[in-house]
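Bear in mind that the values in this text are calculations on the coordinates, not laboratory data. Note that the structure is a prediction, hence the values are computed from the model and not measured. Here the Cβ positions follow ideal geometry from the backbone for every residue, glycine too, while neighbour counts run over all protein chains shown.
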């Protein structure tokens, strides 16, 4: 700010860029008006903090016995809002230097920023030191009376209409230490002289300021900043009460994570994991984030950069001493302090969950049941990949039922000799996977298989690719030759081997079946994996899995027909009988009937059969024929 030519005059002219700034504030940023009250209360709190520092230093203090507090009063008829603090106060030089000073090199940058981001003024006001000037969004005139804490200093008054100049005069009357700001509201901003409006802004932004805030003699900020209290002094009832205040949840939280960090950066955090997932979370990307405070002042509600989105089920607050009071969304991620806080908070959540999984597996199972679909979205967080993998859980063939959970560490601890891969199977449920023909050889060899019934599971494993030294492998594409070498765990009577002639005839039968199915399959071949089933479909290595196909269809994505390999079990009784029919007459219609039925049954098992009508009709025909043969054989 610059003075007039008469150096000792009490009239001062605003600098040209400040005039431009005020014009923008007055005419363009109405949607962010309530921010001015947050800024004035924050300034008052800062003034009280500075005075407390002077007291600690042992400085001589004027009016040392008056309490440190903020008082807010209003007059609806006069459209007047008053904010008073008993803080450090200001001298004449302080008023000239401090009230609304724009950061020395930032005025031009601010004007450009605010011109480009008018709708985001709440986050950029104050970034360049213009927090006080936001008052002119709502004020037609502002009067400041102030008394410095320094004994012997004169009380001063600052006045401006926010247009071209301001006035500073010395007050003859004696006033108490501190600063009082009278905001004469514009007609269209008179709502800020109404109790409900003022109280709403205080509770939204300034509820946890450490100094008492009185609104017409009633203390408004009655809830203490629990995150700044020692953990040993807080009862479970206080934690639960604060959680319900913060989240509006009627239940108590599942978990509480409270931390106070002093070095290398200082911050406080109080985090909660609710008992139940918010159903709206998956429908709205705005329903997550932690409240970010700087020295008890709310800077950003639901900040989405402190924790990654897949940990968005965590609720709570983070309060930093080391962040600037007015930092914008645009610069948060670039701020090194914020980056360290974010990294530490994420590590804190991981550490807590790891400890819970290890020491209280039943409680972790309850957490996993509630939040697994959200947590799994972390498959692309490569910075935390190792921690992420340790917390993953799957149902597997080693579990007794669908409620059982297996970690990757559990699985690898049960590996058979020479086993280098972690096998998994895809399906819509545990029952559907267990009934899958592809699983039969793994059952027979006693190999554990992870059951992936959530479509997201496939994204997870294909993204992380391996756990420690073990690759993930679908049972569709497993190396059957290495599996065949393993000893059988289930003893079964081995079928009679086909003769050399029958083996040749069987190869011809496979060719016949390929001719019948034509382009529906990529290949028809003898199976090495089937034990109890006559046939199955296998995805080629390069194809999209059936689970992924279903997911893409649900997303209305055209993927076309995915050709698969049709495997036939030469040792199954049905196939042996079919071979006899083929040897007698290679063109028998029964071969066509059975081939189509086996193919569509395989499609049905993997959930890919789009139209079951033909299958049912064919099945009814086969049942009719078989009933006639049964009656004839039984001579009924």
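Roughly what would the spin-label model give for residue 163 and residue 492, points 7 Å off Cα along C-beta, in nm?
Rounded to a tenth, the inter-label distance reads 9.5 nm.
What angle, in degrees between 0 and 90 and rounded to the nearest 10, separates the Cα long axis of helix 500-517 from the longest principal axis of the Cα atoms of the chain?
50 degrees
Suppose R0 equals 60 Å; then what is the FRET efficiency for residue 632 and residue 362 from their Cβ-Cβ distance, rounded to the nearest 0.05?
0.50
With a ≥ b ≥ c the root eigenvalues of the C-alpha gyration tensor of region 171-298, is it rounded (a/c under 1.5), prolate (a/b larger than b/c) or oblate?
Taking the square roots of the gyration eigenvalues as a ≥ b ≥ c, region 171-298 is prolate.
Going by alpha carbons, how many degrees (0 to 90, nearest 10) lie between the helix axis of 35-57 and the longest principal axis of the chain?
The helix 35-57 is inclined about 70 degrees to the chain.
Helix 589-605 against the longest principal axis of the chain: what's the angle in degrees, Cα atoms only, rounded to the nearest 10?
20 degrees
Taking a ≥ b ≥ c as the square roots of the eigenvalues of the Cα gyration tensor of region 152-225, is the shape rounded (a/c under 1.5), prolate (a/b larger than b/c) or oblate?
It is oblate, given that a/c is not under 1.5 and a/b is not larger than b/c.
If you count, for each residue, the other Cβ atoms within 10 Å and average over each peptide, how do 205-213, 481-489 line up from highest to lowest?
Going by the mean number of other Cβ atoms within 10 Å, highest first, we get 205-213, 481-489.
Rounded to the nearest 0.05, what FRET efficiency do residue 470 and residue 604 have when you use their Cβ-Cβ distance and R0 = 35 Å?
0.60
In nm, what is the difference between 0.36 nm times the number of residues separating residue 588 and residue 199 and their Cα-Cα distance?
Extending this stretch completely gives an extra 131.3 nm.
So if each residue of separation counts as 0.36 nm, and I subtract the Cα-Cα distance between residue 380 and residue 241, what length gain in nm does that give?
46.5 nm
Can you show me the helix-derived [θ] at 222 nm for the chain, built from DSSP H runs with n ≥ 4 at -39,500 (n - 2.57) apiece and divided by the number of residues, rounded to the nearest 500.
That comes out to -11500 deg cm²/dmol.
By its C-alpha gyration tensor, with a ≥ b ≥ c as the square roots of the eigenvalues, how is region 226-362 shaped: rounded for a/c under 1.5, else prolate for a/b larger than b/c, else oblate?
Here region 226-362 falls in the rounded category.
So how far apart, in nm, are the two label points at residue 56 and residue 343 if each is 7 Å from Cα heading toward Cβ?
Going by the 7 Å Cα→Cβ label model, 2.8 nm.
Take each of the peptides 492-499, 358-365, 85-92, average the number of other beta-carbon atoms within 10 Å over its residues, and list them starting from the highest.
Going by the mean number of other Cβ atoms within 10 Å, highest first, we get 85-92, 358-365, 492-499.
By per-residue mean of other Cβ atoms within 10 Å, what is the highest-first order of 630-636, 369-375?
In decreasing order of mean packing, 630-636, 369-375 become 369-375, 630-636.
Which parts of region 372-391 would a label at residue 403 reach, counting a residue when its backbone N lies under 15 Å from a point 7 Å out along Cα-to-Cβ?
none
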